[in-house]
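I have placed the structure first, in the form of structure tokens, so that the comments after it can refer back to it.
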Amino acid sequence: MLSSIYTAILVVGLVLLAIVVVIVKMYKKAVQGEALIKTGQGGAKVSFSGIFIVPVIHKLEIMDITLKSLTISRLGKDGLICKDNMRADIKVSFFIRVNKTTEDVIHVAQSIGCKRASDIDQLEMLFDAKFSEALKTVGKHFEFVELYNSRAAFKERILDEIGTDLNGYILDDCAIDYVEQTSIHDLNESNILDAQGIKKIIELTSTEKIKSNLIEREKEKTIKKQDVEARETILELEKQQTEKEEQQRREIENIRSRESAEIEKVRQENEMKAAQARIATEEEVGVAEENKLRQIVVALKNKEKTEAVETERVEQARALEATERERVVELARIDKEKSLEVERRNIQEVIRERVTVEKATVAEEEKIKDTRAQAEADRNKMVAITIAEQKAEEALVQEIKAAEAARQAADSLAKKSLIDAEAEKAAANHKAEAIKTLADAEAAQKAAIGMSEAQVMSAKAEAKEKEGESEASVIEMKADAEAKGIRLKAIAQSEADEKLGFVAAKVTREKGTADAEVTEVKAVADEKKGMAEARVMAEKFKADAEGIKQKAAAMKALDGAGVEHEEFKLKLEKDRVIELAQIDVSKHIAEAQALVLAEAMKSAKIDIIGGESMFFNQIAGSVAKGKSIDAFINGSEVATDVKSAFLSTDGGSSFKENVGELLKSFNLTSEDVKNITISALLFKMMGSTQDDSVKNSLRQMMSVAKSAGLDNETPRTLGLI
């Protein structure tokens, strides 16, 4: 039983394995670049990855869908005809492939077949006519030269002409492999288009050959001309070189022969002159030593004199500084004493004003007492009058009611006046506060005026305060007296009016009472205003005094620094005076130098090089050098003889003309001597003459040049040529 089960399981396993093997065998996979086409039961189906193929029922075909290149050539007689009727040999490669879609693959398989779709030769047969026609069409729109210059445009026109959809194929791109002009031997002269192409080719090539030949001939002519000119120049230079060499050899021989004799003679003369020069040198050295000692003594004396003058000037400046410092300190002390004296006088004046104010205050107090006594009497009288009025009111009720109405009107008027007075009082208070604030600001600003002024202002503030208080008291008493007087007057008037009519008297009396009350209110407001102003002034003066006190303390603490500051200012002033004096001296020196130059260079044409005093120093040095040469020539008999012999201007000729004649007499030109030194020129002139007297004169000129320091100068630098 168990073996039967195993056998059944084995059979089932084998069957399943066989089924799996069959399924695997029926599943076909596609590689990249291939398409699998299944035909048979179920119709044609395409897969690019894998597909099941059941033998007998299905058939599998494989199509190559990779990119393929087709080359279309138009060569020789079949060359591409361009817009200008010239033929071009051209090779164009077209890159096509089957479009990777089911519909296009099936379309290609049905119309061409899978094998033919993958065969390059079959594809060339299919597309050769279409691509050739496109090349002909597009080529007729371009001239031959444009095929080279506009290859991209030519390619784009080909792609546009052919299109991308080719019955299931896609044209990806095209490339122009080869473009060249068709040989003229391959063109048919009987063909109209070829004949025009031949004509254009011959015209263009002939023109270019002519230009090329012309350029070639011009090149040959230019080269030949340059060769001839170069040869002529070389021959001329060789000729000049030979002449110069021969001339130089002759001159060298002449110079050697002359110099050999001259050197011997000069040697003997030099020995004699050396002895004379040694004696003269010893004499000059002795004289120079004496002059040197004399100059040293003079310099020492001048130095001592300069030091003494400088020491005296420093002492004078120091004494002047001390005197000036003492004068400034004394002036400051005197100013301080003057200020203190003025402040003392101001304080005494304030004290006198205070006494006067106190006297006036006492007098006002006495007057106030009198006024109070008078007011008491008036009050008693007023009580009696009030009793009389009460009796009159009991008898005349109707008239009183009418008078009461009038009184109410008067009360309204009085209340209005009282409100106005209160408003004025509030305004006065605000104004007082503003004045106080301004006083505080001014006190902070004016806190540095001086302690003495603070004391004076404090005394004035106290006096003002006393005066304000007295004025306020007087105004108050005066207001009370006026009010009482008005009230008494109103009562008296009411008594008189009572006889004429009780109604009119009552109205007048009430009106007078209201006026008195208004006046009293105004007096109180004025009193408060005066007190406020007095307090503001007191605060202001107190702040001023405090600021002045602080400033005085600060100034006292800085007394030492102030003295140092004054000394520093004096030192600066002294330095400024000294600098100005030095500038003035430099100015006078510059003016003197300018006058000297102006006198010496009136008609000279000068290019100024250098700044400040360098130009003057150079000019002065040159003038001094010229003056020394003139003095040497005028003071030396030898130099005078040489000048008379060679450079005399008695005949009216200039010095420069004499120099030119002198050079000509020795067969020399300015070009021969312009770059050699004076000593070399004189040696050359001695070698060019055989006259002993002339040689002696030239030797004397050599001595003169050495003595004047001109033996190493050139005639050009001296302005002789």
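The values are calculated or read from the model by the stated rules, or taken from the named source; none is laboratory data. Nothing here was measured: the structure is a model prediction, and the numbers come from that model. When we count neighbours, we look across all protein chains shown, and the Cβ atoms used for this are built from the backbone with ideal geometry, even at glycine.
Scanning region 321-331 for residues that are among the aliphatic types (A, V, I, L, M) and surrounded by 13 or more Cβ atoms within 10 Å (Cβ to Cβ) returns a single hit, Val328.
Conditions (1) among the acidic types (Asp, Glu); (2) in contact with a Ser or Thr (Cβ under 9 Å, 6 or more places away or on another chain); (3) assigned to a helix (DSSP H, G or I), marked per residue:
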| residue | (1), (2), (3) |
| --- | --- |
| Leu235 | no, no, yes |
| Glu238 | yes, no, yes |
| Lys244 | no, no, yes |
| Ile263 | no, no, yes |
| Lys273 | no, yes, yes |
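Could you identify the single residue in Ser93, Ser111 that is small (Gly, Ala, Ser) and in contact with an Asp or Glu (Cβ under 9 Å, 6 or more places away or on another chain)? Just a single option satisfies the conditions, and that option is Ser93. Applying the selection to region 135-179, what residues are farther than 18 Å from Leu70 by Cβ, in a loop (DSSP other than H, G, I, E, B) and either small (Gly, Ala, Ser) or in contact (Cβ under 8 Å) with a residue 60 or more places away in the chain (or both)? The answer is Phe142, Glu143, Ser150.
Of the residues examined, Arg217 is not one that is surrounded by 10 or more Cβ atoms within 10 Å (Cβ to Cβ), of a type in the set (Lys, Arg) and farther than 30 Å from His185 by Cβ. Does Glu251 satisfy being over 30 Å from Lys83 (Cβ atoms), acidic (Asp, Glu) and in a helix (DSSP H, G or I)? Considered against the rule, which asks whether it is over 30 Å from Lys83 (Cβ atoms), acidic (Asp, Glu) and in a helix (DSSP H, G or I), Glu251 comes out as yes.
Listed here are the residues, each with its yes/no results for (1) surrounded by 11 or more Cβ atoms within 10 Å (Cβ to Cβ); (2) of a type outside the set (Phe, Trp, Tyr); (3) within 21 Å of Leu159 (Cα to Cα); (4) modelled with pLDDT under 80.
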site	(1), (2), (3), (4)
Leu14	no, yes, no, no
Met63	yes, yes, no, no
Lys68	yes, yes, yes, no
Thr71	yes, yes, yes, no
Arg74	yes, yes, yes, no
Lys100	yes, yes, yes, no
Gln110	yes, yes, no, no
Ser118	yes, yes, no, yes
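Residues in region 1-49 that are small (Gly, Ala, Ser), closer than 25 Å to Lys59 by Cα and assigned to a helix (DSSP H, G or I): 1 in all. Criterion applied to Lys239, Lys273 was being within 30 Å of Asp692 (Cα to Cα) and surrounded by 10 or more Cβ atoms within 10 Å (Cβ to Cβ), and the one residue passing it is Lys273. Among the residues of region 180-214, those identified as outside any helix (DSSP H, G or I) and surrounded by 11 or more Cβ atoms within 10 Å (Cβ to Cβ) are Glu180, Gln181, Thr182, Ser183, Leu187, Asn188, Asn191.
Scanning region 139-159 for residues that are surrounded by 15 or more Cβ atoms within 10 Å (Cβ to Cβ) and closer than 19 Å to Phe94 by Cβ returns Gly139, Phe142, Leu147, Phe154, Lys155, Arg157, Ile158, Leu159. Considering Ala375, Ala410, Ala428, Ala414, which residue is at pLDDT 70 or above and in contact with a helix residue (DSSP H, G or I) (Cβ under 6 Å, 6 or more places away or on another chain)? Exactly one of Ala375, Ala410, Ala428, Ala414 is at pLDDT 70 or above and in contact with a helix residue (DSSP H, G or I) (Cβ under 6 Å, 6 or more places away or on another chain), namely Ala375. Across region 63-93, the qualifying residues are those that are of a type in the set (D, E, K, R) and not in a loop (DSSP other than H, G, I, E, B), and the one among them that is nearest to Leu187 (Cα to Cα) is Lys77.
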